[in-house]
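Here the structure comes first, spelled out in structure tokens, and everything after it is commentary.
The values are calculated or read from the model by the stated rules, or taken from the named source; none is laboratory data. Not measured: the values here are computed from a predicted model. Cβ atoms come from the backbone with ideal geometry, glycine included; neighbour counts cover every protein chain shown. These area figures cover heavy atoms from the full protein model, side chains too; ligands, DNA and RNA do not enter into them. Shrake-Rupley method; radii C 1.70, N 1.55, O 1.52, S 1.80 Å.
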Amino acid sequence: MIVVGGGVLGTMHAYEACLRGLEVVHLEREAGPRGASVRNFGLVWLSGRADGHELALARRARRRWAEIAEDVPGVGFRPRGSITVAHNEAELAVAKSAADWSGAVEREFEFLDADAVRELNPALRGEFLGGLFSRADGSVEPGQVLGAIRARLADFPGYTWLPNRQAVELGDASVRDHTGAWHAGDVVVLATGATLTGIAGAELSALPIRRCRLQMMQTEPLGEELTTSVADGDSFRYYPAYRDAGLELLDPQAPIAAEHRMQLLMVQRADGGLTIGDTHAYDEPFDFAVEEAPYQHLREVAGALLGRELPAVRRRWAGVYCETTDGSIYSRSAVRPGVIAVTAPGGRGMTCSAGIAGETFDGLDLA
């Protein structure tokens, strides 16, 4: 297998291929990945997934992440669950409805009153009415995942990692990089992330795919443990699992949150810092600069949940990912004989990548 792209989708395909005994040549145009795979929360987030294929894929990936963690402890997998906190009666009603419906079992939902939320996650000392706990959710360390898995892949004699190699031409089951070297195999997997131009640009740009830009930040260590990942009530609006849980009763979003299509997600990193976000923008060309007003809103919401001032912000960044516009969970397409493009998982990339790679192999005949 030839894998083009060193992000989480490409790396998961390389990992699965090596476990199946394939020889793998893995190309990455940068010295190391710099895209959405390292600019995200690291969430393995089942709770908001839509019924059907999306939830089944996320559950498959969640099981796979636990297995990967046994093989590659450096990915930093933690099955700590999540709490979506309700600030008002309407959000509380959505949380109760989600906990009571048939899909709650697969998502491992449990409604918690305010005291139970604080007992489960003592760092949440702010004012709220309750929350929706999902035991199924987890997280990994996005800054560690790719390097840790590649270090494991180095143990396989058939694995070759080639950074700083730009793929420039495709053949049947083959690809040429910018140095002139051709790499041929039984199949080529293109996992080129948010890039819709270049080697397969004509094919990818014709697909129902759009790009999304988001802003995030990371703080200095909190100084105490955040025992779960945390979301606010705006997340109910964002994730499809809650579409029939009474969203029409929710109050309008704060103007700044509505303008930037915001929700609060907050995850504690291994060093104790908090990754906080995010915004969503779809109109290109995207601004090169980040805007401060959304960050201030996120700081206020996160601080209100914690009941304290946030630690100093260590860094801010923007990222871009691709998502489909036709309702599919991600895009897989045959670019030419022996060449498959796998892209556009949207915000599900870290969550579902392990399952997506498995589905690719479900459809391959490499006997």
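Numerical summary
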{"item": "Unique match (being polar (S, T, N, Q) and buried (at least 18 other Cβ atoms within 10 Å of the Cβ)) among Thr197, Thr192, Thr160", "result": "Thr192"}
{"item": "Residues (over 30 Å from Gln263 (Cα atoms) and open to solvent by less than 20 Å² (accessible area, probe 1.4 Å)) located in the stretch 323-357", "result": "Val339, Ala341"}
{"item": "Options Ser97, Ser102, Ser37: the member that is assigned to a helix (DSSP H, G or I), of a type in the set (Ser, Thr, Tyr) and over 29 Å from Val320 (Cα atoms)", "result": "Ser97"}
{"item": "Residue tally, condition touching a residue at least 12 places away in the same chain (Cβ under 8 Å) and either of a type in the set (Ser, Thr, Tyr) or open to solvent by less than 20 Å² (accessible area, probe 1.4 Å) (or both), over the stretch 93-107", "result": "6"}
{"item": "Pair list, Cβ under 9 Å, 6 or more apart: the stretch 299-321 residue closer than 28 Å to Gly349 by Cα and assigned to a strand (DSSP E or B), other residue aromatic (Phe, Trp, Tyr) and open to solvent by 60 Å² or more (accessible area, probe 1.4 Å)", "result": "Ala318/Phe288"}
{"item": "Within the stretch 60-78, tally of residues that are open to solvent by 20 Å² or more (accessible area, probe 1.4 Å) and either touching a helix residue (DSSP H, G or I) at 6+ places or on another chain (Cβ under 7 Å) or hydroxyl-bearing (Ser, Thr, Tyr) (or both)", "result": "6"}
{"item": "Given (1) touching a Ser or Thr at 6+ places or on another chain (Cβ under 6 Å); (2) open to solvent by 10 Å² or more (accessible area, probe 1.4 Å); (3) under 26 Å from Tyr239 (Cα atoms); (4) not in a loop (DSSP other than H, G, I, E, B), index of the condition Val25 fails", "result": "(3)"}
